[in-house]
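These notes are about the structure you will find just below.
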Amino acid sequence: AKAIGRGSYLFFEPEMNARAHERHEMERDLRQALQRGELEMFYQPFVDLERMEVCGAEALMRWRHPERGLITPDRFIPIAEETGLIIEMGAWALREACAEAASWPSGIKLAVNLSPVQFTSPRLVETVCEALGDSGLAVDRLELEVTESVLLQDSQPTLAALCRLHHLGIGISMDDFGTGYSSLSYLQKFAFDKIKIDRCFLSNAQPKEAQAVIRAICGLGHALQLAVTAEGVETAEQLELVRAEGCIAAQGYYFSPPVTAEALRAMLPASGKA
Ligand code: C2E
Ligand code: CA
Ligand code: CA
Ligand code: CA
């Protein structure tokens, strides 16, 4: 029989090579996808809980692969981040989503996700301004969603970029609130406009626990003058809960999953502007 040491060496090395190879292929495929127009933005509406009307939509990326069908971002965003390709993909997403939202009724907002890696680009603010300028979308209709990981390294350029975007009149939201280990301290580092309660608080918790957590976050939001919204609302009971505890808006499968641009347009109120 083979020695353990040698055996494990033989086992691990090819596996690591295979993984590196796979990632390399994936990067090449992603770059091609971007060039060939296989990336597509889907949109998930969010609903104003006071008026019970759609008041905006979050843009979510999809890869329409010619053989493998529709691929969700969990499968390709991490690789795009590792390789830096997310900077180009994110710029495309901003242009695409702003152009789409410019045709929506003027009360409807657009939320776009930004990866922390996009903040390593010195051109991020310009990229956002170009997307707004070229589309004609009003600045105050755009919201950018970042997770607390964006502030993790205490990077001055990142904070400066966030401040510049904010000063332009763009809303800045903290996404996946409560999942990091110091969401609270990050609320003091930057004056966010909105926090989005992560969906795990609705889905993983017993109703009583969910209520306590959502009540606490809404109280915090109130005290800090932050809008609090809920994601991952799947049932009428969850909707009632987040509404009763003071969330101002909600999104989730209960209302609609992310859908194509065309399907989203059909959900919007008849517009003044076509
Ligand atoms: P996220 O920003 O937290 O987006 C919400 C995710 O929750 C979406 O997954 C959405 O489809 C899903 N979701 C919405 N409602 C429900 C619900 O009621 N139940 C359940 N179980 N899930 C729900 P999706 O579209 O697969 O996106 C996953 C993540 O990928 C996003 O999480 C975001 O972090 C990232 N992502 C998506 N598009 C982009 C993009 O254009 N740029 C960047 N940087 N990241 C993106
Ligand atoms: Ca988001
Ligand atoms: Ca989220
Ligand atoms: Ca997330």
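With only the Cα atoms considered, the chain has a convex hull volume of 176 Å³ per residue. VAL242 sits among other residues whose Cβ lies under 13 Å from its own Cβ, and their net charge, with Lys and Arg +1 and Asp and Glu -1, is -4. Here the accessible area of the chain is 53 percent carbon and sulfur, with a 1.4 angstrom probe and all protein chains present. In a Gaussian network model over the chain where Cα atoms closer than 10 Å are linked, find which of GLN211, GLN156, GLN251 has the largest mean-square fluctuation. Ranking GLN211, GLN156, GLN251 by mean-square fluctuation puts GLN156 first. Among the lysines of the chain, pairs at least eight places apart or on separate chains and with Cα atoms under 26 Å apart come to 6. Note on ASP193 and ALA216: the extension gain reaches 6.5 nm, defined as 0.36 nm multiplied by sequence separation minus the Cα-Cα distance.
Compute the accessible area per residue over region 193-274, keeping the other protein chains in place, probe 1.4 Å, unit Å².
Ligands and nucleic acids excluded, the result is 55 Å² per residue.
FRET efficiency for the ARG68 to ALA266 pair, using the beta carbon distance and R₀ = 25 Å, is estimated at 0.35. Mind telling me which of PRO66, PRO78, PRO258 comes out most flexible in a GNM of the chain, alpha-carbon contacts under 10 Å? Of PRO66, PRO78, PRO258, the most mobile in the Gaussian network model is PRO66. Other residues whose C-beta falls under 9 angstrom from the C-beta of ASN113 contribute a net charge of -3, scoring Lys and Arg +1 and Asp and Glu -1. For LYS194, the accessible surface of its heavy atoms amounts to roughly 20 Å² (probe 1.4 Å, protein chains only, rounded to the nearest 10). Model label points for LEU224 and LEU184, set 7 angstrom from Cα along the Cα-to-Cβ axis, are 1.0 nm apart.
DSSP bridge analysis restricted to the chain gives an antiparallel fraction near 45%, rounded to the nearest 5.
The values are calculated or read from the model by the stated rules, or taken from the named source; none is laboratory data. Please read these numbers as outputs of a predicted model, since none were measured by experiment. Here the Cβ is made from the backbone with ideal geometry for all residues, glycine too, and neighbour counts use every protein chain on show. Note: areas computed on protein heavy atoms with side chains; ligands, DNA, RNA excluded. Shrake-Rupley method; radii C 1.70, N 1.55, O 1.52, S 1.80 Å.
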